[in-house]
Amino acid sequence: MEYLNRIDEYEEEMIQMLQELVAIKSVEDKPLPNAPFGKGVAEAFAYMLKKAEEDGFETENIDHYGGHIEFGGYLTDEAGDIIATSDEIMGIIGHLDVVPEGTDWMFDPYSGQVVDGKIYGRGTFDDKGPIVAAYYAMKALKESGIIPAKKVRLILGLDEETNWKGMDYYLSKVKPPTFGFTPDAEYPAIHGEKGILVFDLAKKLGKTINKGLELRSLKGGNAANMVADNARAVLRADKMEVYEKVKELAAQYRNENCSAEGQRAYGARLNCKGIGKSLEVTVQGISSHGARPEEGLNAITVLMDFLSRLDIINDDVNEFVEFYNNHIGFELDGASMGCGLSDEPSGKLVFNVGKIDLDHEAVRLTINIRYPVTFKEEAVYESMMPVINKYNMGVIKGKGQDPIYIPADDPMIQTLMAVYKEHTGDFESKPIVIGGGTYARAAKNIIAFGSVFPGEPSLAHQKNEYIEIEKLVLNAKIFADAIFRLTKEI
């Protein structure tokens, strides 16, 4: 079809557009006039709208909280003349905000550098690359003279990685899409997403009275929905020989837990160094998406495991370290917290520690849970309360999202599965349920479709995030065919 050939011709344009988008650091920041999610997010949003207007699309900016790019939705007679406008909207919902870049990249995370057929940078896969692919899918259809019978609307979210306030505001001001997909997950089609909970566990800490090794502070992690790739503790003692003992224990810990494949902290880097009269202990872990913690290595967990080897004098601190290692530790399904829930459609609960902040007064631990589709949020909290109460901790509830589930034989899912199979030759994969939380939850009849192919690593929220140019183009072709068929078949 002509529109598929056009996508091949757009390859260099697509690369340039993605590089320009990646160069904008669109991590949510303090609100500014006409920029409720910060300067960088506003710049990325403005870039997309300007580009679309130059290419002849209709655009809408809803008070800088979100917007869309649109074409089609015209009904024509046999002569090709427009006789009516459709009320139906096929939505493609993506987001322009990104998580913080983290550390230890091979290349500048905002360079969009091309190496060996890959474009590197924060957001190349989550979710700027898929947005570029969807945009050029729409452009190819439009410039091929195809007029979809339903409106095709690329909806631009601006705070998907945090609180979704922008999407909520946007949908309160416009008619929501009738159906559609979000290219912000995996292939083939996703017919369910686990429920999501974000909350803090907080505990007050009593004063340190005796002399000895004191934990002055502990910080780690970048966001609730990321596996923490960094953690830092500051220790204080009145004798240098205490620090020497800590360094000896660190060397022993590295040898026993970090140095060989198969060891529980393999891949972590644990280091000690003096800072003034204190000793700093740092851990570098491996970042990954909070929905897939098994792909990373949590630096907070490694540091807490190491701290259990030390003779810290504060009883409340020791109790918290004991709680963490006995009831969280390296476990990823919440079983020791009492919330190891599971069901047939979606499997086990996923438990991720995203952040920690400890000082001399209190400790606050940020948790991100993905729970099975047949359970409710109340059941998850209730199952944890015996452990939480035992350690006299408080729960500060944050964002919660109910699970979603659509039968695999739904017509839209079947259409998307057919498109995927024809473009990939993969006739074995089936519709799946994921732990990730996407904009499929933002409106009814939206499912996640792409952009990670089966067997490929998911690079969202990880260092050295990239998208292969070949896959960027393939995504655009898949999305173009999906738009073409969904605006006819649904």
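The values are calculated or read from the model by the stated rules, or taken from the named source; none is laboratory data. Predicted model only: the values in this text are computed from it and were never measured. We place every Cβ from the backbone using ideal geometry, glycine too, and count neighbours over all the protein chains shown.
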**Request:** Just give me the residues in segment 443-490 being free of Cβ contacts under 8 Å to residues at least 60 places away in the same chain and under 17 Å from the mean Cα position of the chain (by Cα), in sequence order.
**Result:** 456
**Request:** Could you pull out the residue among 471, 477 that is in contact with a His (Cβ under 7 Å, 6 or more places away or on another chain) and at pLDDT 95 or above?
**Result:** 477
**Request:** Filter segment 236-262 down to residues that are in contact with a Lys or Arg (Cβ under 7 Å, 6 or more places away or on another chain) and under 18 Å from residue 280 (Cβ atoms), then give me how many there are.
**Result:** 4
**Filter result for residue 60 (surrounded by fewer than 20 Cβ atoms within 10 Å (Cβ to Cβ) and in a strand (DSSP E or B))** = yes
**Request:** Go through segment 64-89 residue by residue and tally those that are of a type outside the set (Ser, Thr, Tyr) and closer than 29 Å to residue 121 by Cβ.
**Result:** 7
**Candidate set: segment 324-335, residues that are outside any loop (DSSP other than H, G, I, E, B) and without any contact (Cβ under 8 Å) to a residue 24 or more places away in the chain; chosen: the one nearest to residue 267 (Cα to Cα)** = 325
**Item:** Criterion (modelled with pLDDT under 95, within 20 Å of residue 320 (Cα to Cα), in contact with a Gly (Cβ under 7 Å, 6 or more places away or on another chain) and of a type in the set (A, V, I, L, M)) met by exactly one of 291, 202, 299, 224
**Value:** 224
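Here is a list: 253, 266, 243, 187. Which entry is at pLDDT 95 or above, closer than 23 Å to residue 310 by Cβ and touching a Phe, Trp or Tyr at 6+ places or on another chain (Cβ under 6 Å)? Give the steps one after another, and end with the answer.
Values: 266 fails: touching a Phe, Trp or Tyr at 6+ places or on another chain (Cβ under 6 Å); 243 fails: touching a Phe, Trp or Tyr at 6+ places or on another chain (Cβ under 6 Å); 187 fails: closer than 23 Å to residue 310 by Cβ.
One residue alone meets the criteria, 253.
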**Request:** Taking residue 294 as meeting all but one of (1) assigned to a strand (DSSP E or B); (2) touching a Ser or Thr at 6+ places or on another chain (Cβ under 9 Å), write down the number of the exception.
**Result:** (1)
**Asked** So which residues in segment 356-386 are outside any helix (DSSP H, G or I) and farther than 27 Å from residue 190 by Cβ?
**Response** 356, 357, 358, 359, 360, 361, 362, 363, 364, 365
**All positions within segment 236-267 that are in contact with a strand residue (DSSP E or B) (Cβ under 6 Å, 6 or more places away or on another chain) and part of a loop (DSSP other than H, G, I, E, B)** = 237, 267
**Item:** Extreme residue, farthest from residue 472 (Cα to Cα), among residues of segment 415-438 that are outside any loop (DSSP other than H, G, I, E, B) and modelled with pLDDT under 95
**Value:** 433
**Among the candidates 353, 363, 321, residue that is over 26 Å from the mean Cα position of the chain (by Cα) and either within 19 Å of residue 221 (Cα to Cα) or small (Gly, Ala, Ser) (or both)** = 321
**Item:** Tally of residues being touching a residue at least 60 places away in the same chain (Cβ under 8 Å), touching a helix residue (DSSP H, G or I) at 6+ places or on another chain (Cβ under 9 Å) and within 16 Å of residue 468 (Cα to Cα) across segment 101-124
**Value:** 12
**Request:** For segment 125-155, enumerate the residues that are in a loop (DSSP other than H, G, I, E, B) and within 28 Å of residue 2 (Cβ to Cβ).
**Result:** 127, 144, 145, 146, 147, 148, 149, 150
**Request:** Say whether the condition of being touching a Phe, Trp or Tyr at 6+ places or on another chain (Cβ under 9 Å) and either in the same structural domain as residue 435 (by TED's automatic domain parsing) or within 29 Å of residue 246 (Cα to Cα) (or both) is met by at least one residue in segment 280-289.
**Result:** yes
**Prompt:** Within segment 172-208, restricting attention to residues that are among the aliphatic types (A, V, I, L, M) and surrounded by fewer than 18 Cβ atoms within 10 Å (Cβ to Cβ), which residue is nearest to residue 431 (Cα to Cα)?
**Reply:** 174
**Message:** Give me the residue from segment 269-288 that is part of a strand (DSSP E or B) and within 30 Å of residue 184 (Cα to Cα) and, out of that set, modelled with the lowest pLDDT.
**Reply:** 286
**Request:** Evaluate segment 69-92: report whether one residue or more is among the aromatic types (Phe, Trp, Tyr), in a loop (DSSP other than H, G, I, E, B) and crowded, with 17+ Cβ neighbours inside 10 Å.
**Result:** no
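Looking only at segment 340-368, which residues are within 25 Å of residue 430 (Cα to Cα) and touching a Leu at 6+ places or on another chain (Cβ under 8 Å)? Please lay out each step first, then the result.
The first filter runs over segment 340-368 and keeps only residues within 25 Å of residue 430 (Cα to Cα), leaving 341-350.
Passing the criteria: 341, 342, 348, 349, 350.
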